[in-house]
Amino acid sequence: MSGVTWVMRRSKLSRLVNQPGGTTVGAALEAAAFETREFRAEAMTIVTAALDELDAVLASPPADEAVQAWLETVYFLATRISDTAGPFGFEDMCAAAFSLCELSDRQKRSGTLELPPLKVHAASLRLLFAEDQPPAARKAVLDGLAQVVERTRKPAA
Amino acid sequence: MPESIEPGERKAGPSLNPSAVFNLSKAVVMVVDDESFSLRLTTQMLLGFGVRTRYSCESADEAMTTLKAHPVDLVIVDAEMPGKDGYDLVRWLRRSGLDNAWSPALMVSGHTPESKVAKARDCGANFIVARPLTAALLLDRILWVAKDVRGMLETSTYSGPDRRFRELGPPEGVAERRADILSQGGLESLEDGRLKA
């Protein structure tokens, strides 16, 4: 017979957070902005390098036996782009990177490499990162990616 | 390109009241992330929140060593790391028998590979926070987890917070982001109670 232990306990964090003193949410967010003010330039450098690396990887599709590791690299670069650009307002780019994660993970699971949709994602990431586009154009890019992903879900007729 | 937005300037989540007061000055917070940039960024955000004692670890192994040696009030851990990932770390922590075993854990996740959905669901983290991780979102979730009154369950297959949200829901006054549910691709069962109508 399996046992279940259920413990009601208040975390120390919950006691600490209500102690006298402290700061307001507004002041804390301002302070966080100040403390992280130097990070944006570094983030842009990291994202640019990741985009370059992604292009280079996609330009050299692997032999069959190396597909899994290759797709893992694509997945890793997509997460790096998303994680680094996300905190700095690149929400559309994060959505595109997330889509690339989903696509590369799916291809990895199926063991089937389809290069074109991956390249479409890489090109879209560049558009969303570098071009000063109106929201409607950005939305069109994301809608296009959604269609690409949807097509890859459907079995070939 | 979007206009320049610093992490702390992002609009607060709907639950963040700018005039609300909190105190994290005595809280000991650990951040675990294999990506140096994300690790430093998150740690700097915590500095802005008034957290004086912060541990930065670049791997689960490094975090385990620290957790064995020092009290930690909150663990913020990246889900995807090479080798032992964030899920492995929290699962280990919950079963470690350490004083820190039940410390709140926030799992930060971008995309969850399908192969890790069950692992994510069962690891014992208090909440999974969907990236992108902004200062406003991080603070929101820290204050959220500080209000978390769920009991802790320990069974042969699961150790962690009671996952039955159906009657409890998010803490009072806290609105959840739809992205926290949907972007976890397949974590619906974990969030089951939060998907209630």
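The values are calculated or read from the model by the stated rules, or taken from the named source; none is laboratory data. Note that this is a predicted model, so its numbers are computed, not measured. Here the Cβ is made from the backbone with ideal geometry for all residues, glycine too, and neighbour counts use every protein chain on show.
Limited to region B:104-145, what total is found for residues that are without any contact (Cβ under 8 Å) to a residue 60 or more places away in the chain and part of a helix (DSSP H, G or I)? Residues flagged as without any contact (Cβ under 8 Å) to a residue 60 or more places away in the chain and part of a helix (DSSP H, G or I) within region B:104-145 amount to 6. From the list A:Leu100, A:Leu127, A:Leu118, the one residue that fits, being within 21 Å of B:Leu133 (Cα to Cα) and either touching a Leu at 6+ places or on another chain (Cβ under 9 Å) or without any contact (Cβ under 8 Å) to a residue 60 or more places away in the chain (or both), is A:Leu100. At pLDDT 95 or above and of a type outside the set (Ser, Thr, Tyr): does that describe B:Leu47? Answer is yes for this residue.
Listed here are the residues, each with its yes/no results for (1) away from every other protein chain (no Cβ under 12 Å); (2) assigned to a helix (DSSP H, G or I); (3) modelled with pLDDT of 95 or more.
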position	(1), (2), (3)
A:Leu29	no, yes, yes
A:Ala56	yes, yes, yes
A:Pro87	no, yes, no
A:Asp92	no, yes, no
A:Ser104	no, yes, no
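Would you confirm whether any residue within region A:7-26 is on the phi > 0 side of the Ramachandran plot and either facing chain B (nearest Cβ under 7 Å) or modelled with pLDDT of 95 or more (or both)?
For region A:7-26, residues on the phi > 0 side of the Ramachandran plot and either facing chain B (nearest Cβ under 7 Å) or modelled with pLDDT of 95 or more (or both): present.
For region B:110-127, the count of residues that are among the hydroxyl-bearing types (Ser, Thr, Tyr), modelled with pLDDT under 95, in contact with a Gly (Cβ under 8 Å, 6 or more places away or on another chain) and crowded, with 20+ Cβ neighbours inside 10 Å is at least one. Quick check on B:Ser15: is it modelled with pLDDT under 95, in a loop (DSSP other than H, G, I, E, B) and either among the charged types (D, E, K, R) or in contact with a Leu (Cβ under 9 Å, 6 or more places away or on another chain) (or both)? In short, yes.
Could you check, for region A:75-98, whether at least one of its residues is under 19 Å from B:Asp34 (Cα atoms), of a type in the set (A, V, I, L, M, F, W, C) and touching a Cys at 6+ places or on another chain (Cβ under 7 Å)? Yes: region A:75-98 contains one or more residues that are under 19 Å from B:Asp34 (Cα atoms), of a type in the set (A, V, I, L, M, F, W, C) and touching a Cys at 6+ places or on another chain (Cβ under 7 Å). Among the residues in region A:43-51, are any within 24 Å of the chain's Cα centre (by Cα), of a type outside the set (S, T, N, Q), more than 12 Å from chain B (Cβ to nearest Cβ) and within 30 Å of A:Pro116 (Cβ to Cβ)? Within region A:43-51, one or more residues are within 24 Å of the chain's Cα centre (by Cα), of a type outside the set (S, T, N, Q), more than 12 Å from chain B (Cβ to nearest Cβ) and within 30 Å of A:Pro116 (Cβ to Cβ).
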